[in-house]
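Report on one structure; see the data block that follows.
All of the numbers you see were taken from the coordinates with simple rules; none came from a lab. Owing to the predicted nature of the structure, the values given are computational and were not obtained by experimental measurement.
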């Protein structure tokens, strides 16, 4: 048998950083999660604790998956729409939800006096 074979190795999608780590209060709308940069022709897949929850097409700029809710670890994978080659983006967004303060009813009488030096302090001219 004779002849030659040509082997083409398709490149993996570029690896960019996942953005959005932080906390938010439970009465807020959530926290934005995204990727620091993206490539046209690549689809980006957002996973919340390993479950696929959103897909965004690359634009050539940073992309956002919008506001995410719930304490979780968010990771992103990328896939070339032509070759099918895929890679995992760098890092993850760890989001924590902080409980909102509890409102309490205050009862009873009180006299409120401004602190010394305050513009409303009695005797201040």
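For the chain, what ratio Rg/Rh do Cα atoms give with a Kirkwood hydrodynamic radius?
Over the Cα atoms of the chain, Rg/Rh equals 1.41.
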Exercise. Under the definition of Cα pairs under 8 Å and six or more residues apart, what whole-number percent is the relative contact order of the chain?
Worked result: 28 percent
Problem set entry | Rg and Dmax [Cα atoms of the stretch 1-71; Å; Rg one decimal, Dmax integer] | 18.0, 71
